[in-house]
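Below is one structure; the comments refer to it alone.
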Amino acid sequence: AYMELLNNSEVEAVLIASPAYTHPEFVEAAVAAGVHIYCEKPVAIDVQGVKRIEKAGQSINGKLSMVVGFQIRHATAYQEMVKRVQEGAIGDLVTAQLYYLASGLPIHPIENMSKTEAKIRNQFHFRSLSGGILLDQGIHMLDVCSWTLQRKPLLAMGSGGRDHNNAFGDAWNNYQIIYKYPNDIKVSFHSTQLGPNFGDVCARFLGTKGTATAHYSVFIDGENAWDSGILRHKGASEDREQQAAGVFTSALHDSNENKVKSFIGSIQSGKYLNEANSGATSTYTAILGRMAAERGEQVLWDAMLNSNESINPNLNLAQFD
């Protein structure tokens, strides 16, 4: 069906929002068809897939736009915070604390379905379809870290598992990862998909002169204090008054709109965007953490790349022909 779409001469751009295991194949087909690409994160679920995305990105540089669905990079408040951190507002960066604490996922009904159909309709429960929670959810905070630090981790170590989970699926629902970056910057990352309620997301950067914190509010404390104006606590009475006056409650309020404008604008202007490399870096970073946790040992960045990890989704799609 996706090839029928790409063979339509009136199609100028495509949105790839299918299960993540399909992204490399769909991106390559879109490149071959000469259409612009908005690909959701992650760009792939394994090392081989990310390498295919990098190669596709190299082939279209200056010819087509290819963007990746990290909309946080287009949130005005986040952009200002990252700019200030990179300009030295919090001094020398010492460490970062990241987390993505989400609620558990329900299982969609699977009665009278083949194994393949049941997996597809519950793709996020399967590592071989979605890549797992580090690649599907936690990757957003890892991308903020990559964007802010402008460098790749040297190594990772971690743990995790399928705690308090049912028997359906194989994706882990919690990870605890420590990354080591150049200049001895340590980054801790906690990702969960547990319980009935959504928790919070956070990227906090600690430096010698202050701390930059990005939840759904964004601010800097310390010598060069700054506040984005986004509400920090939605429950306080004074905050409710501000909310009634039109003060935004989420630093992401303009992220999707700005992301779409950027993508469409690049096509209209001919100043094409290519986010294949940044999308690959953040996906590799998530894979590195997953690999370290699953192996229960320290994994170097180069070892992760050289592993050429390839994950087979093991789907019988012929039954749907």
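The values are calculated or read from the model by the stated rules, or taken from the named source; none is laboratory data. Because the structure is predicted, anything quoted here is derived from the model rather than measured. In this analysis, Cβ positions are derived from the backbone assuming ideal geometry, glycine residues included, and neighbour counts consider all displayed protein chains. We work out accessible area using only protein heavy atoms, side chains counted, and drop any ligands, DNA or RNA first. Shrake-Rupley method; radii C 1.70, N 1.55, O 1.52, S 1.80 Å.
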Hey, can you tell me all the residues within the range 262-321 that are buried (at least 17 other Cβ atoms within 10 Å of the Cβ) and over 24 Å from Val27 (Cα atoms)?
-> Gly289, Met291, Ala292, Ala293, Glu294, Val299, Trp301
Starting from residues that are open to solvent by 10 Å² or more (accessible area, probe 1.4 Å) and touching a strand residue (DSSP E or B) at 6+ places or on another chain (Cβ under 8 Å), keep the ones in the range 23-43 and report whichever is nearest to Leu142 (Cα to Cα).
-> Lys41
Residues of the range 109-120 satisfying the condition of being open to solvent by 100 Å² or more (accessible area, probe 1.4 Å) and in a loop (DSSP other than H, G, I, E, B) = Glu111, Asn112
Would you mention how many residues in the range 52-69 are touching a residue at least 12 places away in the same chain (Cβ under 8 Å) and either part of a helix (DSSP H, G or I) or open to solvent by 10 Å² or more (accessible area, probe 1.4 Å) (or both)?
-> 12
Within the range 174-188, the residues that are in a strand (DSSP E or B) and open to solvent by less than 50 Å² (accessible area, probe 1.4 Å) are Asn174, Tyr175, Ile177, Tyr179, Tyr181, Ile185, Val187, Ser188
Quick check, is Lys234 closer than 30 Å to Asn61 by Cα and either modelled with pLDDT of 95 or more or of a type outside the set (A, V, I, L, M) (or both)?
-> no
Applying the selection to the range 4-20, what residues are open to solvent by 90 Å² or more (accessible area, probe 1.4 Å) and not in a helix (DSSP H, G or I)?
-> Asn7, Ser9, Glu10, Glu12, Leu15
Filter result (surrounded by 16 or more Cβ atoms within 10 Å (Cβ to Cβ) and over 20 Å from the mean Cα position of the chain (by Cα)) within the range 92-108 = Leu93
Out of the residues in the range 148-173 that are part of a strand (DSSP E or B) and in contact (Cβ under 8 Å) with a residue 40 or more places away in the chain, which is least open to solvent (accessible area, probe 1.4 Å)?
-> Ala156
Number of the exception - Asp46 against (1) surrounded by 21 or more Cβ atoms within 10 Å (Cβ to Cβ); (2) free of Cβ contacts under 8 Å to residues at least 60 places away in the same chain | (2)
Give the range 189-211 a look and list any residue that's open to solvent by less than 40 Å² (accessible area, probe 1.4 Å) and under 20 Å from the mean Cα position of the chain (by Cα), or say none.
-> Phe189, Ser191, Thr192, Gln193, Asp200, Val201, Cys202, Ala203, Phe205
Top-ranked residue in the range 289-319 [being in contact with a strand residue (DSSP E or B) (Cβ under 6 Å, 6 or more places away or on another chain) and assigned to a helix (DSSP H, G or I); ranked as farthest from Pro153 (Cα to Cα)] = Ala293
Breaking point among (1) in contact (Cβ under 8 Å) with a residue 60 or more places away in the chain; (2) on the phi < 0 side of the Ramachandran plot, for Ile110 | (1)
Filtering the range 121-145 down to residues that are open to solvent by 10 Å² or more (accessible area, probe 1.4 Å) and over 14 Å from Phe168 (Cα atoms) yields Asp136, Gln137, His140
